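The values are calculated or read from the model by the stated rules, or taken from the named source; none is laboratory data. The shown structure was predicted, so the numbers you read here are calculated from the model rather than taken from an experiment. Reconstructed Cβ throughout: ideal geometry from the backbone, glycine too, with neighbour counts over all protein chains shown. Heads up: the accessible areas ignore ligands, DNA and RNA and are worked out on the full protein's heavy atoms, side chains in. Shrake-Rupley method; radii C 1.70, N 1.55, O 1.52, S 1.80 Å.
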Amino acid sequence: MSQSNHEYWMRQAVELARTGMTTNAGGPFGAIVVKDEKVVGRGHNSVTSTNDPTSHAEVVAIREACRNLGTFQLDGCVLYTSCEPCPMCLGAIYWARPEKVYYACSRLDAAEAGFDDELIYREINMEPAERRIPFEQCGSHEAQEVFREWISKSDKTPY
């Protein structure tokens, strides 16, 4: 794919960011998923309009692409996003496994606009009990039993 094609797709992601922002759906972020030169998923941030903190552009685009393709992995797909993904979106991207990600603005650009994910990046590396929102393990015996059942489940769909 030529650089001009990447710029074409990125312009679409940026326009989705603008659309979401100007319609007050959420922050200035947009994303598209492309497969075989066709958009299979698109999304803009809609956190504030849906009261859903997970409604980031990349997550919305991944959900739509997976729904449209009838799969939970984006084999052969490319994600274009108007900004370097936050930690949550980064996790979603790795679970979806697209072929490649192109991003426009950096996370430093996002921080300058008031979207600073640095706290989350720091918290990920901390021990659970030391995080700003404390995490405490409980009920592991019962939960481990479910994992044991999963391991022996003959009709599971691995991912």
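Summary table
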item	result
All positions within region 122-141 that are open to solvent by less than 100 Å² (accessible area, probe 1.4 Å) and basic (Lys, Arg)	Arg131
Residue selected from region 23-72 under the condition part of a helix (DSSP H, G or I) and out of contact with any strand residue (DSSP E or B) (no Cβ under 9 Å at 6 or more places or on another chain), by the criterion least open to solvent (accessible area, probe 1.4 Å)	Val47
Residue selected from region 73-92 under the condition open to solvent by 60 Å² or more (accessible area, probe 1.4 Å) and in contact (Cβ under 8 Å) with a residue 24 or more places away in the chain, by the criterion farthest from Gly20 (Cα to Cα)	Asp75
Selection within region 101-159 - hydroxyl-bearing (Ser, Thr, Tyr) and under 30 Å from Ala61 (Cβ atoms)	Tyr102, Tyr103, Ser106, Tyr121, Thr157, Tyr159
Subset tally (residues that are without any contact (Cβ under 8 Å) to a residue 24 or more places away in the chain and among the basic types (Lys, Arg)) for region 6-43	3
Residue in region 98-105 that is without any contact (Cβ under 8 Å) to a residue 12 or more places away in the chain and in contact with a Pro (Cβ under 8 Å, 6 or more places away or on another chain) present	no
Test: residue in region 103-121 that is out of contact with any Gly (no Cβ under 9 Å at 6 or more places or on another chain), over 24 Å from Tyr159 (Cβ atoms), open to solvent by 60 Å² or more (accessible area, probe 1.4 Å) and hydroxyl-bearing (Ser, Thr, Tyr)	yes
Filter pass, Leu16 being open to solvent by 20 Å² or more (accessible area, probe 1.4 Å), closer than 22 Å to Glu123 by Cβ, touching a helix residue (DSSP H, G or I) at 6+ places or on another chain (Cβ under 9 Å) and modelled with pLDDT of 95 or more	no
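Each row is one residue, and each column tells you yes or no for (1) among the aliphatic types (A, V, I, L, M); (2) touching a helix residue (DSSP H, G or I) at 6+ places or on another chain (Cβ under 7 Å); (3) within 19 Å of Arg42 (Cβ to Cβ).
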| position | (1), (2), (3) |
| --- | --- |
| Cys83 | no, yes, yes |
| Pro87 | no, yes, no |
| Val101 | yes, yes, yes |
| Cys105 | no, no, yes |
| Glu112 | no, no, no |
| Phe115 | no, no, no |
| Ile120 | yes, yes, no |
| Glu130 | no, no, no |
| Ile133 | yes, no, no |
